[in-house]
Every structure is written in C-alpha cells, then in structure tokens.
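Here is the structure we will look at.
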Amino acid sequence: MKYTTNDIADIIQADKIDRNDYAIEHLLIDSRKIVFPITSLFFALPGPRRDGHEFIQEVYERGVRSFVVNVTFKHPQLSEAVFLKVTNVLDALQTLAAHHRKQFNIPVIGITGSNGKTIVKEWLYQLLYPEYNIVRSPRSYNSQIGVPLSIWQMNESHTLAIFEAGVSTSAEMEKLANIIQPTIGILTNIGEAHNEGFLDYAHKFTEKLKLFYNCETVIARRKDIHVSKEVLQEQLHTKFLTWGSAAENEFIIEEIQKHHNRSTLKISYSGKQLNLTIPFVDDASIENMITCCCTMLLLNYDIDVISSRVQQMQPVEMRLQQKKGVNNSYIINDSYSNDPYSLSIALDYLKQQAGKNKTTVILSDFLQSAENKVQLYEALGRELQQRKINRVIGIGNDVFINKKNIAGNYKGKLICFSSTDEFLDNFNAHQFKDEYILLKGARIFEFEKISHWLEQKVHQTVLEVNLTALIHNLKVYQKQLKPSTKVMAMVKAFSYGSGTAEVARVLQFHKVDYLAVAYTDEGVELRKAGISLPIMVMNPDDVGFDAIVAYNLEPEIYGMHIYHSFTNYLSQQGLQQFPVHIKIDTGMHRLGFESKDLDELCTNLRSNKTLAVRSVFSHLVGSEAPEHDDFTKHQAQLFDEACKKIESSIGYSFIKHVANSSGINRHPNLQYDMVRLGIGLYGVDSSAEMQDQLQTVATLRSTISQIRSVAAGETVGYNRKGIVDRDSLIATVRIGYADGFTRHLGNDKGKVWVNGSTASIIGNVCMDMTMIDVTDVPALSVGDEVEIFGRNIPVQQVAEWSGTIPYEILTNVSQRVKRVYVEE
C-alpha cells in the first residue's frame, strides 16, 4: 500500500497545514529511532513526563518532514514541514492503522489472555511459516501504541497475520479489536497477571473477550470460560471452539503423560486422533502447545505434519540478551526470530548500547516465503547503511545469493556464508574485538552455537539484569513526580551490582537528567563507554582532579578542605566556572557543610569565580521511617535555610535536591527541583505500596553440579556443621562466598529456589560451592538452574536471612559473576 500525507490527512480527518505532499512508508513515535526520515510520519504523542510536541524541532532537523500534531499545538515555521492537526494524536494513529488493516483480506489471528500470548504467537509463527508469509507483532507489541505499529507492517505479500492484544484497564480492548479485526481468535490462560486495572476476574475476562466481536472462530481452554459458550457466541457473534478433557469440547484432551524431558498428548478433533510428543513437561508450555495444535487443526493441517513439527519446538527466549564476549566484545543475542521489523528494533538496541563502539551484525535469511527477495535484501542493505553498521556477516542461502543486492545499498564490510557451520569453520573468535555484536537469526539456523562460541568463558553463576524492568521502575517513580522535577539516577557501586555502563546507557536513552557515581574512576569508565549525561562524583579526592576535568565530571564539594583543594587546582589550570555540587549536612553527619560552616563557604563562593554551583543537596536520614518524619521535616527546614543563604550570597539559582527513593513517595513535598533515585530503580522500596508496583531487576542464578545420597547421621561440609537427620538427597550448587554469597546463609539459615520449590542450605557455605537439601524437590537433575534471589526469592528476604540490607546483598555480588542483560 502506498500512502501520502494527503491520503493520511483524509483518513484521520486532519487539518493539513502546508501544500507539500510526502510519500509515507514508516510511522515514527520516538525521536531517537529515526532511520528513514523523509518517508517517516512522526506522531507527537503526549506522555506522562514528556510530550512528543517538544521534539518536533529536533526531529525536523534530523530530516523528518511530516508530523501529526494536536490541534492546539502552535507549530513552528518550518519551511518544508507538513503538519496534520487532529484532536487526539493517539486516536489518529489507531485510525490510520485500522484503515490499513481493512485493505487486506487474509486470515488474521488475534491473541489475548493474561499469560502465554507471546509464546503462542511465536510458536505459531514457527509452526506455520513454511506455508504462509506471516506478519506478526514484534516481541510483545500488544499495547494501544504497539498494536497500530504492528498492523502497519502488513503488505501485499503477506498471507497470514498474527497479532497479540494486551489491555490493562477497561475501554481499551474495543480500540484494539477495531484495529486488529481478527478472523481467528485465541484466548490463552486467564490468570492473576495484570489484575490492577480491573474490578475483578469477571471484569477482566469480559474486557478481553471484546477482541473477538464478529470474529469467525475463537479457540479457548474450556476452564477459562466461566459462562455458557452459547451465550458468549450470541453476544460476540462468533463461534467458540474449546479444548479440555470433557466430551463437550471440540478438541478433547484424552491424555497427558509427563516423562523426564518430554510429554505425550492425545487429542481428538472432528473424528481425528492426534498423538503428539512435545519436548516440554511444565504445565504452561503444555497448555500453550495444545492451543497451537488446535489452531493447526482448525487450519486443516495434516496430523502427521503437526506431529512432526511440534517435536522440533524449543522454548522461546522472548528477551533480548546482552553478555560479555571474547576480546572485550559484547554479544546482543536476539536469535529466536528474524524478520525486517524485529531486526529494526534489535538494531535500535544495538546502536543504543554500542554508543561510539564498532558494531557487527550476524544475521540469517529472512524466512518469508512470498516476499520479493531482491526488494527484501535491497531494503536490508539500506537499513544497515542508515544505521552505519561497521560489519555484516550473513548466514543462509538467501543471504548468500542476494549478497549483491545487499551490497548495492550497504557500503560496510559484508561477508556471507551458506550455513552456520560454514561460518564457524571459517571464522576465528580473534576476529572479534572491542565491538558490539548483534546475533539476529531464525531459530533453524542455530545461532546459539555462535553465541556460545563468542561468549567469554566463565562459570555458570550469572546475575541477570532485566533492563526492561529497570525502566519500568524508573517510570513508576516518575509518575510520582511533578513534570518539572528532574531525576538523578544513582549508578554508584557498579550500579548496585548490576553493571554501570550497561545500566547507564539505557538510562541515558530514556532521558534521565543526571547520573551519580561514588568515585572518579566510575565516572571515567562511563565517559569511556560513551555516556554524555552530566555525572556527579560524590566522593572526589585530590588524586582524581585531573580526571574530573579531563572527563567533564562534576564533583561534590562537602567541606572546606575539598573546596580549597579543588579551587586551587582549578586556578593552577586557569579554569573558571567549573560545575560543582554543594553537600549540606542536615543530620546524617557523614559528609557535608553544617550550618556553622555556611558563612565561610558563602564568602569563598562569592569571591572566587572558579566554581559554578550546579546544585545544592542534602541526604535524608530516615525518609522511609514514619517514626523519623519529624526529623525529616527538621532536615528540610535546615536545608531550606542553607539554600536561601547560598543563593542570596552567589546571586543565582541552582538545582535543589534531598529526596531519595523512599522520599519520593513518602515526602512528595520534598521533591524540590530534582530527586535521587537509587535502590528503587533496582526494584526495592521500603513502602509496600511502592514495592507492589516495582519489578525485579536483578536475578542471581547458578546451577547444580552434583547430586548425591547422604545417609541419616552423616554430615555435609566443613567442620561437620551440616548434620543429616534423615536419608537425604544433597545437591552441590556452583556458588560460594567468593561470588558474594554470604556465609551467614549457611546451616539452614537461608534457602534457594529450584524446580518450583525452596531448598535449605545445609552446612557451611564454601568459597566456590554451596550444598542444599533437595530431598523434597521433585524431578531434579544435574545442571538444573537454582535461583539465589530474584522473582521467587526476593533480595529483601535474602537480606533478612543474612541480617543485613538489600543494598549489601546486591553490591556484594562478585565481579567474577557474569552479568547477562535482557530486554523484553
């Protein structure tokens, strides 16, 4: 489909400002993700913190000429710009997507539910792509914005579409239903997830069903439907096909048997008997696979084809992972699928993380059977060139054959191989150094071989850092703030153990205002990693002054000694107006100027022009504790007096900040101009109300290296501390106190999570290993994963068992533990 700005103005009923008429191919909502500016249409969407209208000048300067804006927006005089003015920008985006959807008469599968939407979508894609050219939602693009962007991908070559729809409150699903217009509906598991925006289960169920109004057929698990099928079919004007064990279902699940690493199923449908072996034993995967098989039966797939394909299925890694690779490289692994739109998303992340570092993309064929190959790979070349990718390694027959079509538009280094094995046979790991490597391949190309080959070889204990959860937590706190209040993100102590540069990059991408580190060398590393945000150094010393100036860092000035040392240094260097942050001690009694010091400080600041006061701040002693609220008010009073005195003395204003993570929620009157967000960013808050809204960022995992039987009366570990009081199974886990797993957790004081159960620690924690009692844990094997802390065992619980605080548990995770970064 071809659209121009004139066409789109008619579709969304916009007032068009300017006579220019541009061809539009891409929809843009993020000023940071401009690739093809002249053919992009920018929708200036309002947000809780920032409004898209604020970025129009920037977007125009980067080449975009077409904009959808609110009617109240006073547009700047930009000679080549076209403004489409509408009452509601989001409604306009959705209206355009709904119009685009109506241009295609192909089967469209719409999926909703509480859990399993993305898994079912991806499995269906893998099961059906040999017969269909499929367009689908990238990742979990199932929101009011994500669905329209997914629909926009549809073109004349597609023969099947699969889109997921997620809602968080009422009145949302009708809009998504109007956009997706599914012909086949799938209702996955209805559980407790995402209950917050609904009155109760029945309300959530009713809202999700609105996707299926006028849908031809809906597939659902019978136990998820708590009303009569006949009533639903009449209300929604659709036909429900349900699966379950009862004879009343269209798809009858006659048998499910679980074995060690597989399950066997018997399914009856319309006189057909389907006998399946699937490589999963967990209930969620079995249910999702049954849903996929029912869909294939509805599409008239042969029983033998279904049976053969489901045996080859693998778990879907829905999250993009970043790991440390060989020779100071980083691997970004997004190799569970490959199509043009998901590649574009992955390239955005690659450029975001790489900064100014070299980039390599290793990608496979696009598995799109009906796409014009020449046009497809010419477009790929343009995309790679626009992103300024340094090197591309293509794997697969199509890439190999279309090398010239890619190279016609891509001017970087291009190398092609017909298979993954050929690449591994002909390439050396030493050919990757000091760069970021994106792996983007369809599952059949087995890019996990490349990932393992390139990974830095370390032991199997890893700290998984969920960057999506981190940004979710950032937004939770931002919702508590006034629009004008800035955010300083604390990335000291290796970002609370999570990895400084990686966390800082994603915070910079999401436009926090400031970063803070403890020591100068932490700030230097951030600058070397390409971080350009202002960085406050909280514990500067004389030795680091050269680096502070060289790397444009901003030191905290907390006493007259450091004041004189730094101003003398600046005078020697001939520098003036260097940005600093003044620390006021209002009760912590750690660092900072007390009230009695302010006269001397103000006199020096007024007479000496080497410093420019960027901010004045203090540290709350007990912001999380109601019993200290009076003292918090006292601190605020002292802080106000200090700021007034300094401001009066130097003759200009500055940023003021005192609130930490707990202060943001409990003391909204102390937001001032900026807040400092620390432990809350990483998913920990003392307030139960806030904790319920936060997501787990860091998960520490290890694996089992051995399992043995130990008789009653025997002992386990050093000093015979672990006494076995019954015949037991004891597993050894690859983690010890050298990894930051404290010895305080030994001898039944702590627990870990393995195979859906908790297991107590028996005996002393060793340097590199820990033993756990797994007698009551079912179906355990060597190599099974063990969660030390994460979603199942919160870090707060581990801290309580250890007699300490979550800060210490997080920051104690050793540097020898590999960090793996995921983005969902």
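Figures for the structure shown
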{"quantity": "Residue tally, condition in a helix (DSSP H, G or I), open to solvent by 10 Å² or more (accessible area, probe 1.4 Å) and touching a residue at least 24 places away in the same chain (Cβ under 8 Å), over segment 381-408", "calculated": "9"}
{"quantity": "Some residue of segment 453-463 being over 22 Å from the mean Cα position of the chain (by Cα) and outside any loop (DSSP other than H, G, I, E, B)", "calculated": "yes"}
{"quantity": "Selection count where residues are in contact with a Gly (Cβ under 6 Å, 6 or more places away or on another chain) and either open to solvent by less than 10 Å² (accessible area, probe 1.4 Å) or under 18 Å from Gln322 (Cβ atoms) (or both), scope segment 501-528", "calculated": "1"}
{"quantity": "So Leu236, is it within 19 Å of Thr188 (Cβ to Cβ), modelled with pLDDT of 95 or more and open to solvent by less than 40 Å² (accessible area, probe 1.4 Å)", "calculated": "no"}
{"quantity": "Residue satisfying all of: in segment 652-684; assigned to a loop (DSSP other than H, G, I, E, B) and without any contact (Cβ under 8 Å) to a residue 40 or more places away in the chain; farthest from the chain's Cα centre (by Cα) among these", "calculated": "Tyr652"}
{"quantity": "Counted residues, segment 607-623 - those being modelled with pLDDT of 95 or more and open to solvent by 80 Å² or more (accessible area, probe 1.4 Å)", "calculated": "1"}
{"quantity": "Search result, residues across segment 409-420 that are free of Cβ contacts under 8 Å to residues at least 24 places away in the same chain and surrounded by 17 or more Cβ atoms within 10 Å (Cβ to Cβ)", "calculated": "Leu414, Cys416"}
{"quantity": "Top-ranked residue in segment 288-322 [being crowded, with 21+ Cβ neighbours inside 10 Å and under 30 Å from Val462 (Cα atoms); ranked as modelled with the lowest pLDDT]", "calculated": "Leu320"}
{"quantity": "Considering residues of segment 337-367 that are over 15 Å from Arg382 (Cα atoms) and of a type in the set (Gly, Ala, Ser) only, the residue most open to solvent (accessible area, probe 1.4 Å)", "calculated": "Gly355"}
{"quantity": "Filter pass, Phe205 being within 26 Å of Trp243 (Cα to Cα), of a type outside the set (Ser, Thr, Tyr) and not in a strand (DSSP E or B)", "calculated": "yes"}
{"quantity": "Count - residues of segment 449-500 that are open to solvent by 20 Å² or more (accessible area, probe 1.4 Å), over 23 Å from Glu689 (Cβ atoms), β-branched (Val, Ile, Thr) and modelled with pLDDT of 85 or more", "calculated": "1"}
{"quantity": "Checklist (1) within 23 Å of Tyr821 (Cα to Cα); (2) of a type in the set (Gly, Ala, Ser); (3) touching a helix residue (DSSP H, G or I) at 6+ places or on another chain (Cβ under 8 Å) applied to Ala354, failing item", "calculated": "(3)"}
{"quantity": "Output for segment 581-606, where each listed residue is open to solvent by less than 60 Å² (accessible area, probe 1.4 Å) and over 10 Å from Tyr558 (Cα atoms)", "calculated": "Thr586, Gly587, Asp597, Leu598, Leu601, Cys602, Asn604, Leu605"}
{"quantity": "Of all residues making up segment 421-448, the number that are under 16 Å from Asn338 (Cα atoms) and surrounded by 21 or more Cβ atoms within 10 Å (Cβ to Cβ)", "calculated": "9"}
{"quantity": "Residue that is surrounded by the fewest Cβ atoms within 10 Å (Cβ to Cβ), among those in segment 764-778 that are out of contact with any Phe, Trp or Tyr (no Cβ under 7 Å at 6 or more places or on another chain) and more than 16 Å from Ser814 (Cα to Cα)", "calculated": "Pro778"}
{"quantity": "Identity of the residue in segment 90-145, among the charged types (D, E, K, R) and in a loop (DSSP other than H, G, I, E, B), that ends up least open to solvent (accessible area, probe 1.4 Å)", "calculated": "Arg139"}
{"quantity": "Pick from segment 707-749, criterion assigned to a loop (DSSP other than H, G, I, E, B) and under 30 Å from the mean Cα position of the chain (by Cα), ranking: surrounded by the most Cβ atoms within 10 Å (Cβ to Cβ)", "calculated": "Phe741"}
{"quantity": "Counted residues, segment 673-682 - those being open to solvent by 10 Å² or more (accessible area, probe 1.4 Å) and touching an Asp or Glu at 6+ places or on another chain (Cβ under 9 Å)", "calculated": "1"}
{"quantity": "Selection count where residues are of a type in the set (Asp, Glu) and open to solvent by less than 50 Å² (accessible area, probe 1.4 Å), scope segment 624-672", "calculated": "1"}
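Yes or no, residue by residue, for (1) open to solvent by less than 20 Å² (accessible area, probe 1.4 Å); (2) part of a helix (DSSP H, G or I):
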| residue | (1), (2) |
| --- | --- |
| Ile11 | no, yes |
| Asn20 | no, no |
| Leu27 | no, no |
| Phe42 | yes, no |
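The values are calculated or read from the model by the stated rules, or taken from the named source; none is laboratory data. As the structure is a computational prediction, the values presented were derived from the model and not from experiment. FYI the Cβ positions are ideal-geometry reconstructions off the backbone, even for glycines, and counts take in every protein chain you see. Keep in mind that these areas ignore ligands, DNA and RNA; they rest on the heavy atoms of the full protein, side chains included. Shrake-Rupley method; radii C 1.70, N 1.55, O 1.52, S 1.80 Å.
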